[in-house]
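No value in this document is a laboratory result; all are computed from the given coordinates. This one's a predicted model, so the numbers in the text were calculated from it and none came from an experiment. Here the Cβ positions follow ideal geometry from the backbone for every residue, glycine too, while neighbour counts run over all protein chains shown.
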Amino acid sequence: MSKRVKIFLMCCMTIMLFCGFVGCQNMNRALEKSVSEIHETVLNGQDDNFFVEVIGGKIESDYALDGVKNNAHDFIAVKVQVKGAVPESIIAEFTVKNNRIEKELTRSPLNNRIWTATIEGNLPVETLALTLTIGEEKFEYELQKVSADGVKPLDILKENFEEKLMECYENGKFNCEVSVRLVKSPKEDDNRYFWYVVVYKPDKSFFGLMIDSSTGEIVAKKG
């Protein structure tokens, strides 16, 4: 093989690698910009009475999984699962960065043991002291952050759905939206958390993954 041919082949390989790198970077940026909901911090605590979660992240205004991402804002969500008798009302109180928050929770119409509330705000904390008020009784919780930083859900999504993600491009624009939620196993005796990463297309179809937040193992796949 001549020296000229070798140089030509090396140049071709360099261009291919560069294009692949640029394409990867473009896809990363497209995914990040298309996230319409993300759980950045999840804290929890429990006793024999309640399981309590406080979730912090970002969510789009006029939230709708329609394949179009709108402007997003910070949010804090409180979720309480009742283990015993269902109360008439629940009030949650906590302080984030000197900002005291008191919020009455709303019972889920689908499950009367689940109570929730959502507040605009940021949750940049590792632990959180939270009080639930039920009538005259108060229940104190020291919530701890759920560790899930070692697993990168968007990277795993990209690795498993590269072709489908390319279908989101139209005229050079990424026309899908992505939801990234950190959710506890529905089983009471299972304390594992899972990343639910779902891509929604404008035609209302979707695809995604359920990922063990500790190991990165894919435990379910759709699409």
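Could you tell me which of rounded, prolate or oblate describes region 32-146, using a ≥ b ≥ c as the square roots of the eigenvalues of the alpha-carbon gyration tensor, with rounded for a/c under 1.5 and, failing that, prolate when a/b is larger than b/c and oblate otherwise? In terms of gyration-tensor shape, prolate.
Cross-link check: pairs Lys33/Lys222; Lys103/Lys204; Lys83/Lys221; Lys97/Lys184 evaluated at a Cα-Cα cut-off of 29 Å; pairs beyond the cut-off: Lys103/Lys204; Lys83/Lys221. For Glu120 and Glu32, the difference between the fully extended length at 0.36 nm per residue and the C-alpha to C-alpha distance is 29.6 nm.
The Cα atoms of the chain give a gyration tensor whose axes a ≥ b ≥ c have a/c of 1.5 or more with a/b greater than b/c, which makes the shape prolate.
Compared with the direct C-alpha span, the chain from Ala85 to Leu65 gains 3.8 nm at full extension, assuming 0.36 nm per residue.
Computed from Cα positions, the angle between helix 3-33 and the longest principal axis of the chain comes to roughly 20 degrees. Annotation: extensible slack from Glu142 through Lys97 equals 14.6 nm (criterion: 0.36 nm per residue apart, minus Cα-Cα distance).
Between Ala72 and Asp190, what FRET efficiency comes out of the Förster formula 1/(1 + (r/R0)^6) with R0 = 25 Å and r the beta carbon distance, rounded to 0.05? That pair, Asp190 with Ala72, gives E of 0.25. Projecting label points 7 angstrom from Cα along Cα→Cβ for Thr215 and Lys164 puts them 2.2 nm apart. Please state the shape class of region 58-97: rounded when a/c is under 1.5, otherwise prolate if a/b exceeds b/c and oblate if not, all from the C-alpha gyration tensor. Taking the square roots of the gyration eigenvalues as a ≥ b ≥ c, region 58-97 is oblate.
Eigenvalues of the alpha-carbon gyration tensor of region 135-199, scaled by 5 and square-rooted, set the equivalent ellipsoid semi-axes at 36, 14, 11 angstrom, largest first. Taking the Cα atoms of region 89-148, the ratio Rg/Rh between the radius of gyration and the Kirkwood radius comes to 0.98.
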